[in-house]
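I have placed the structure first, in the form of structure tokens, so that the comments after it can refer back to it.
Each reported figure results from applying straightforward, stated rules to the coordinates on display, with no laboratory input. Please read all numbers here as calculations on a predicted model, not as lab measurements. Cβ placement follows ideal geometry from the backbone for every residue including glycine, while neighbour counts extend to all protein chains displayed.
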Ligand SMILES: Cc1cc2nc3c(=O)[nH]c(=O)nc-3n(C[C@H](O)[C@H](O)[C@H](O)COP(=O)(O)OP(=O)(O)OC[C@H]3O[C@@H](n4cnc5c(N)ncnc54)[C@H](O)[C@@H]3O)c2cc1C
């Protein structure tokens, strides 16, 4: 019990991989849990590239947070963009609302890292959220439509050149999926367009794609992408992105006004905004128990935490977040029971990336599996980890239709909103309008009641 005589309150910021695990680990325990997220859904980011390449719907990879915790008596959800933290008073603030806590778990994930490259933020499209993926999908389809109507071959070629910066899993998966989209469905949709004119270029600063994987996996990936028609440029450092080109170190230039930035992530800006100590990558260095070292009631997990396990940094991947979230929940319960906390230990469950529709690379315990045999393992893990039966079914049906007919049904250019939630000013206006409307309804009801006294029951 707290000084207030209530169950201790744990506030969890972020309903991503880490935040969900914290809340699940505290479900049914003698604590009150409040999960806060700027969106009302959890997003499964590993399949974001399929949304960007028009293979599956955005709704297939998201799940409402309220539905995840339905029936869990001690868990509440609030849609809120947290922007401040008062550690003295133990209160988080967002959308003008203050939420007090006894324990705080920060799990707001990461943001795009433009690595200080001039013009990248202004002229390249980020690829980090569902909104970004929808923007990329619209943008690709839009450009192909415009190319079909282009008056000059030069304009057409420009519209059909796509550059992806970053040869990690996200860049590789997006490049492969985009190449497949062009080769099959789009070439059928646009019989008058010569799809050989499409250029997809992937640029990586290090000397191989998938630098965190084995060399065997990198070699396979490069070969496979080449076969799909992707131009692979490794060992090329991007120095500047301009409205019409990307400039490489050494003076070379690639002409393109269509650049997707998949070259890295850094910690969520919330850490700095809250005055927490941060690394150069804007992550919060945590102690062995996953707490902020200067504040024993604040745990930091997932992409925003800089965690070490057995002297090695824990990678910014879903497993790091899931295991960290689970561990933070256990440590909070230990602390409440007055037991000593346990240090975090990361279990490496391997790495995987899809390379086009039916191929993948999988690395597990020092062994590398590539090509078609790796794909079922990749698919099983990804579908298995999706939240919600409906989503799993939806994705599998989409894939089945895609593989049988090579014709994903989603090549629609839909309008999208740049921002996730309603902006605070808009929200205030909306609330004022709602209050006015509510007052009018009340007045009408009063009038009606006066006009026909005694008719109500
Ligand atoms: C395109 C892409 C592909 C990836 N593919 C893979 C993969 O194949 N395998 C793999 O292991 N990893 C992959 N990752 C990495 C993996 O998704 C992350 O490591 C993981 O999501 C981190 O979990 P998290 O809980 O820390 O953050 P997230 O899952 O990003 O969740 C953070 C949550 O916090 C919320 N939030 C953010 N700021 C605020 C705020 N101020 N107030 C309230 N809420 C906030 C967000 O809305 C979000 O719901 C990929 C990442 C991306 C971007």
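List of remarks:
- Note on residue 206 and residue 342: the extension gain reaches 45.2 nm, defined as 0.36 nm multiplied by sequence separation minus the Cα-Cα distance.
- Residues in segment 113-137 reached by a label modelled at residue 253 [backbone nitrogen below 20 Å; 7 Å Cα→Cβ]: 117-125
- Ordering of 360-372, 87-99 by burial proxy (mean other Cβ atoms within 10 Å per residue, highest first): 360-372, 87-99
- On Cα atoms only, tilt of 424-451 relative to the major axis of the chain in degrees: 50
- Ranking of 310, 37 by neighbouring Cβ atoms within 10 Å, starting from the fewest: 310, 37.
- The sum of -39500 (n - 2.57) across all DSSP H runs of n ≥ 4, divided by the residue count of the chain, sets its helix-only mean residue ellipticity at 222 nm to -10500 deg cm²/dmol.
- Between helix 389-405 and the chain: long-axis angle, C-alpha atoms, 0 to 90°, nearest 10: 10
- Principal-axis tilt of helix 374-385 within the chain, Cα atoms, nearest 10 degrees: 20
- With both labels modelled 7 Å from their Cα along Cα-to-Cβ, the residue 146 to residue 380 distance reads 4.5 nm.
- Using the average count of surrounding beta-carbon atoms within 10 Å as a protection proxy, the listed peptides 42-53, 201-212 rank, highest first, as 42-53, 201-212.
- Residues 134, 159, ranked from the fewest to the most other C-beta atoms within 10 Å, line up as 134, 159.
- Centre-to-centre, using Cα atoms only, segment 204-261 and segment 62-86 are separated by 39 Å.
- Ordering 142-155, 341-354 by mean Cβ neighbour count within 10 Å, with the highest value first, yields 341-354, 142-155.
- Legend: translational diffusion of the chain by Stokes-Einstein, Rh = Kirkwood radius over C-alpha pairs, 25 °C, 0.890 mPa s; D = 102 µm²/s.
- Note on residue 444 and residue 187: their simple-model spin labels are 5.9 nm apart, each label 7 Å out from Cα toward Cβ.
- Relative to the current alpha-carbon distance between residue 59 and residue 436, full extension at 0.36 nm per residue lengthens the span by 132.4 nm.
- With the simple spin-label model, which puts each label point 7 Å out from Cα in the Cβ direction, the residue 234 to residue 86 separation comes to 5.4 nm.
- Fully extended contour minus Cα-Cα distance, from residue 227 to residue 115, at 0.36 nm per residue: 37.3 nm
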